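Here the structure comes first, spelled out in structure tokens, and everything after it is commentary.
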Amino acid sequence: MHGQDIRRPLGLAHDLRPERLRASLDFLTGPRTVGFFVPRGLPTGLRFEATDLGWASGEGPTVAGPAEPLLLALTGRPVALDELSGGGVATLRGRLTR
């Protein structure tokens, strides 16, 4: 994530491997990360779907998009919210920008 924090604003491309993206999403949506890597309450009641990986986690209104913007959002970074879609995006945006 720290690499993306630097690359994105500078417009630098990075080839993120699907298996690493999937492992990161699995980790971030697991029970041990909330309150540490993932802001407390952020994913509650939302379903996250990585449209480029065929990956999903959670239940509720959907937040869908490529894995990299999902990772940024799950770690509390609102920079890629415009790349996400679904009925849960407004809720997620509210939680990230309060």
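The values are calculated or read from the model by the stated rules, or taken from the named source; none is laboratory data. Treat the numbers as computed from the prediction; the structure is a model and nothing was measured. So basically every Cβ, Gly included, is an ideal-geometry build from the backbone, and we count neighbours across all protein chains shown.
Of note:
- Identity of the residue in the range 75-94, outside any strand (DSSP E or B) and either free of Cβ contacts under 8 Å to residues at least 24 places away in the same chain or acidic (Asp, Glu) (or both), that ends up surrounded by the most Cβ atoms within 10 Å (Cβ to Cβ): Leu84
- Scope the range 17-55; condition among the hydroxyl-bearing types (Ser, Thr, Tyr) and at pLDDT 95 or above; matching residues: Thr51
- Residue check for Leu46: in contact with a Pro (Cβ under 9 Å, 6 or more places away or on another chain) and under 23 Å from Leu16 (Cα atoms): no
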